[in-house]
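The values are calculated or read from the model by the stated rules, or taken from the named source; none is laboratory data. This is a predicted model, so every value here is computed, not measured. Backbone-built Cβ (ideal geometry, glycine too); neighbour counts: all protein chains shown.
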Amino acid sequence: MKDIILKAENISKQYRLGVVGTGSLMHDLNRWWHQIRGKEDPYLKIGETNDRSTKGESDYVWALQDINFEIGRGEVIGIIGKNGAGKSTLLKILSRVTAPTTGSIKFGGRVASLLEVGTGFNGEMTGRENIYLNGAILGMTKKEITSKLDEIIEFSGCQRYIDTPVKRYSSGMYVRLAFAVAAFLEPEILIIDEVLAVGDAEFQKKAIGKMQDISKTGGRTVLFVSHNMAAVKSLCTRGILLENGKVKYEGSIDHIIERYLEDEKTTAHRILSDEIIKNHNADFIKLIEVKVINTSNAISINHGIADDINIEFTYDILKENELFTHGFNLFNIENIHILSSHDKRSLTLSEALPIGRYKKSVIIPGNLLAEGSYTCSFAIMRYNPFFVEFHEMNIVGFNIIDEFGDKTVRGNYFGHFPGIIRPELTWKIKSNE
Amino acid sequence: MFTLLAQAYLLVSLTKFNPKTMIPNEQTNTTWLFEITPKNKFFSLNLKEVWQYRDLLFLFVKRDIVTVYKQTVLGPLWFFIQPLFTSITFTIIFNNVAGITTGTVPPFLFNLASITVWNYFTSCLNGTSNTFANNAGIFGKVYFPRIIAPLTVVISNLAKFLIQVFIFLCFFIYYYSQNASISFNSATVFFPLIVILLGVLGLGLGMMISALVTKYRDLTYLIGFGVQLLMYISAVFFPLQLIAIKMPNYAWLVKYNPLAYCIEATRYMLLSTGEFPIWGMLYTVTITVSVFLIGLLFFNHTEKKFIDTV
């Protein structure tokens with residue numbers, strides 16, 4: 001028998017389009033006047049013109065439909081989905097900001113939700129006063145806050161300004177203080193929206209560490225919504241994937257992330273549109289196309305883990321006498337920047353190319369990256385002084401497929417193989433003689 | 001009478017709440033703490049929850065009082081200035097120019113007493129009627145019992161009111177030492193009840209309006225204007241009997257206005273002038289309780305989903 005702390009049954013949420021936002025008595029009177037004369041509602045037409053194909057139903061949208069799930073005590077659940085999948089609506093319902101249209105949710109513990117840090121902060125009040133106010137808004141009692149006040153202030157790193165009105169704070173300090181209050185919440189169920197994406201790198205690290213503490217040691221139930229897959233992966237044990245307002249998958253977090261990423265658009269061959277080119281300042285060069293080429297010289301999105309990958313950039317030189325070099329960045333699926341590289345020995349650094357079309361390629365050796373999906377960016381930069389003329393993200397992508405065998409790093413080991421990269425290293429043994 | 005009714009109501013709502021907290025969990029032996037459903041119960045005033053959030057109420061009140069006059073030149077002096085100048089104006093216009101008589105009581109004190117309680121009512125009404133609009137940002141991000149917001153308004157206005165009562169007392173002592181025919185009487189001890197009554201009436205009306213304003217923005221303008229007009233039929237600057245004598249045709253406007261009785265009763269309690277409107281007060285209590293219940297009904301109906309429409 002599982003210890004269920006949260007149970008959602010048939011939650012649906014319907015939003016009404018067109019009618020909402022008319023918000024004035026004149027409109028309602030007009031509507032009523034049309035009604036008593038037996039004419040149709042003049043404001044419903046607003047909804048209809050938008051979408052003729054679903055006439056009659058077009059003024060209603062289901063943001064969520066028949067959501068059912070159970071969450072056990074101490075579980076850390078990641079809720080993921082694309083924009084518009086219903087994540088925010090679900091969060092709003094779970095944190096009681098709005099009510100579902102149908103269904104019910106039962107809670108077996110105190111809930112605190114963090115849809116935003118610093119809710120209710122008042123600029124005129126001091127840091128200390130705001131800790132109390134914000135803490136109370138999040139559901140803490142004064143006594144609880146007082147007992148944690150020193151820890152909160154220390155965690156925020158704002159000791160010196162704690163008796164200064166927060167309107168005098170820098171935005172970074174403001175966020176630190178706000179997060180610090182949230183970090184010391186101790187409800188049985190914690191609902192978190194992407195609040196981790198705040199503050200500088202050092203503070204983010206601290207915040208993620210704190211989140212991990214909360215979820216691992218506290219035995220607390222956490223619902224976490226984020227686009228940062230690395231954060232979701234490191235914090236959550238189980239996941240719920242939402243798509244178009246419905247639960248698409250529910251299961252282990254690794255499985256869920258995989259399913260989520262499956263549909264992402266990656267292409268191994270990109271012909272660049274003028275629009276992308278226009279966004280850049282570089283006027284002497286124009287990127288034409290990019291290809292990801294496999295060992296048999298064909299464009300391919302999938303590559304064996306031990307195979308070399310050849311990325312070929314085609315560009316036009318539009319002006320003479322320009323010295324530059326090429327570079328690229330590689331990101332994995334969790335948007336972690338794996339590596340950056342540029343051609344420091346490029347001939348184009350010493351000798352300008354005549355006007356014309358050129359191809360440049362770079363080889364990512366086999367047995368370097370771990371399995372998974374990757375995306376590349378391409379850059380053109382100058383030396384002396386160093387300046388990036390052109391940098392375009394997500395130009396192409398590819399998948400690396402794990403394999404077994406002598407040519408791979410894995411060899412014949414079948415189990416889970418962790419690590420962001422998987423290079424072939426040299427192992428040596430030395431005798432003690 | 002009012003307190004009895006209020007107590008009875010609180011008792012009812014408490015007992016209503018208790019069974020709801022203990023929904024048995026069929027799968028495990030634990031009990032659910034609470035449940036989210038599409039709609040609120042009609043008159044549910046979740047007092048247990050409000051009590052859990054009492055610290056928030058206290059901190060909100062503190063915030064309101066502390067921050068209102070920050071970065072103003074005169075600070076809390078504004079609490080004094082506004083009623084004083086209004087009373088002086090009223091005395092000049094209504095008593096000196098228009099010739100309204102206030103019996104043996106100095107007109108200035110008569111006006112000051114009325115304006116002090118009238119101000120409390122209007123500030124409660126104005127403050128609570130914008131509950132949803134003013135708090136949309138915070139309501140959209142976090143849950144706490146929504147009724148905390150209008151309660152904050154009513155309580156923090158009480159602080160302002162007490163300061164104004166203090167001014168009244170100062171002038172009372174001054175006039176008393178000048179041998180004006182004013183005095184307290186045995187009814188004076190019930191003055192706090194009048195204040196509670198006005199607060200609850202303001203809260204009830206305000207909650208009702210706040211719910212309507214989420215749908216019809218135009219109402220905000222009507223309220224500002226309506227409150228001004230309401231003052232003229234609330235016996236603020238004239239004794240209750242005067243209207244019956246001078247304008248018998250329009251006296252019903254005042255007669256059906258519960259506020260007029262509150263103000264008349266205030267003057268009776270603080271200045272021993274006029275009569276204590278005993279039947280009028282019973283009528284006022286009835287109206288207040290009904291208005292409060294209707295306000296609560298409107299408020300409950302709106303609070304769960306208003307965020308979808310703002």
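Okay, residues lined up against (1) modelled with pLDDT under 90; (2) surrounded by fewer than 19 Cβ atoms within 10 Å (Cβ to Cβ); (3) more than 14 Å from chain A (Cβ to nearest Cβ):
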position	(1), (2), (3)
B:PHE43	yes, yes, yes
B:LYS48	yes, yes, no
B:ARG63	yes, no, no
B:THR67	yes, yes, no
B:THR72	yes, yes, no
B:PRO83	yes, no, yes
B:SER87	yes, no, yes
B:THR91	yes, no, yes
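Can you pull out every residue in region B:251-274 that is modelled with pLDDT of 80 or more, assigned to a loop (DSSP other than H, G, I, E, B) and of a type outside the set (S, T, N, Q)? Hit for region B:251-274 is B:TYR256, nothing else. Looking only at region B:207-214, decide whether some residue is away from every other protein chain (no Cβ under 14 Å), modelled with pLDDT of 90 or more and surrounded by fewer than 17 Cβ atoms within 10 Å (Cβ to Cβ). Scanning region B:207-214 turns up no residue that is away from every other protein chain (no Cβ under 14 Å), modelled with pLDDT of 90 or more and surrounded by fewer than 17 Cβ atoms within 10 Å (Cβ to Cβ). Take the residues of region B:281-303 that are within 21 Å of B:VAL254 (Cβ to Cβ) and surrounded by 21 or more Cβ atoms within 10 Å (Cβ to Cβ): which is farthest from the chain's Cα centre (by Cα)? My answer is B:MET281.
In this structure, is B:THR128 closer than 15 Å to B:LEU203 by Cβ and out of contact with any Phe, Trp or Tyr (no Cβ under 8 Å at 6 or more places or on another chain)? It is true that B:THR128 is closer than 15 Å to B:LEU203 by Cβ and out of contact with any Phe, Trp or Tyr (no Cβ under 8 Å at 6 or more places or on another chain).
When you look at A:LYS286, is it farther than 16 Å from A:VAL396 by Cα and assigned to a strand (DSSP E or B), yes or no? Judged against the criteria, A:LYS286 is a match. Whenever a residue of region A:161-190 is among the polar types (S, T, N, Q), its partners that are assigned to a helix (DSSP H, G or I), lying with C-beta atoms within less than 7 angstrom and at least six residues away or across chains, give the pairs A:THR164/A:GLY127. Scan region A:112-142 for residues that are more than 7 Å from chain B (Cβ to nearest Cβ), closer than 20 Å to A:ALA207 by Cα and of a type in the set (Val, Ile, Thr) and the total you get is 2. So, of the residues in region A:60-73 that are more than 10 Å from every other protein chain (Cβ to nearest Cβ) and in contact with a helix residue (DSSP H, G or I) (Cβ under 9 Å, 6 or more places away or on another chain), which turns out to be surrounded by the fewest Cβ atoms within 10 Å (Cβ to Cβ)? Top of the filtered list is A:TYR60.
Of the residues making up region A:330-368, those that are modelled with pLDDT under 90, in contact with a strand residue (DSSP E or B) (Cβ under 8 Å, 6 or more places away or on another chain) and of a type in the set (Ser, Thr, Tyr) are A:SER346, A:THR348.
Would you say B:ILE263 is within 29 Å of B:THR188 (Cα to Cα) and free of Cβ contacts under 8 Å to residues at least 12 places away in the same chain? Steps first, answer last, please.
Values: within 29 Å of B:THR188 (Cα to Cα): yes; free of Cβ contacts under 8 Å to residues at least 12 places away in the same chain: no.
Spelling it out, it is not the case that B:ILE263 is within 29 Å of B:THR188 (Cα to Cα) and free of Cβ contacts under 8 Å to residues at least 12 places away in the same chain.
For region B:109-129, the criterion of being surrounded by 19 or more Cβ atoms within 10 Å (Cβ to Cβ) and more than 22 Å from B:VAL227 (Cα to Cα) is met by at least one residue. Among residues of region A:83-109 that are at negative phi and facing chain B (nearest Cβ under 7 Å), those with a beta-carbon under 6 Å from a residue that is of a type in the set (D, E, K, R) and buried (at least 23 other Cβ atoms within 10 Å of the Cβ) at least six positions away or on a different chain give the pairs A:THR98/A:LYS92; A:PRO100/A:LYS13; A:THR101/A:LYS13. Are any of the residues in region B:232-240 at pLDDT below 90, under 14 Å from B:PHE121 (Cα atoms), touching an Asp or Glu at 6+ places or on another chain (Cβ under 8 Å) and not in a helix (DSSP H, G or I)? For region B:232-240, residues at pLDDT below 90, under 14 Å from B:PHE121 (Cα atoms), touching an Asp or Glu at 6+ places or on another chain (Cβ under 8 Å) and not in a helix (DSSP H, G or I): present. Of the helices (runs of 4 or more DSSP H) entirely within region B:60-156, those holding at least 1 residues that are touching a Pro at 6+ places or on another chain (Cβ under 8 Å) and small (Gly, Ala, Ser) occupy B:107-129.
Regarding A:ASN335, is this residue free of Cβ contacts under 8 Å to residues at least 24 places away in the same chain and on the phi > 0 side of the Ramachandran plot?
For A:ASN335, the condition - free of Cβ contacts under 8 Å to residues at least 24 places away in the same chain and on the phi > 0 side of the Ramachandran plot - is not met.
For A:PRO187, the requirement of being farther than 22 Å from A:LYS206 by Cβ, in contact with a strand residue (DSSP E or B) (Cβ under 6 Å, 6 or more places away or on another chain) and within 14 Å of chain B (Cβ to nearest Cβ) is not met. The set of residues in region B:223-238 being closer than 22 Å to B:ASN134 by Cβ and loosely packed, with under 14 Cβ neighbours inside 10 Å consists of B:GLY224, B:PHE225, B:GLY226, B:GLN228.
Of everything in region A:260-283 that is part of a loop (DSSP other than H, G, I, E, B) and more than 25 Å from A:ILE355 (Cα to Cα), the residue that is modelled with the lowest pLDDT is A:ASP263.
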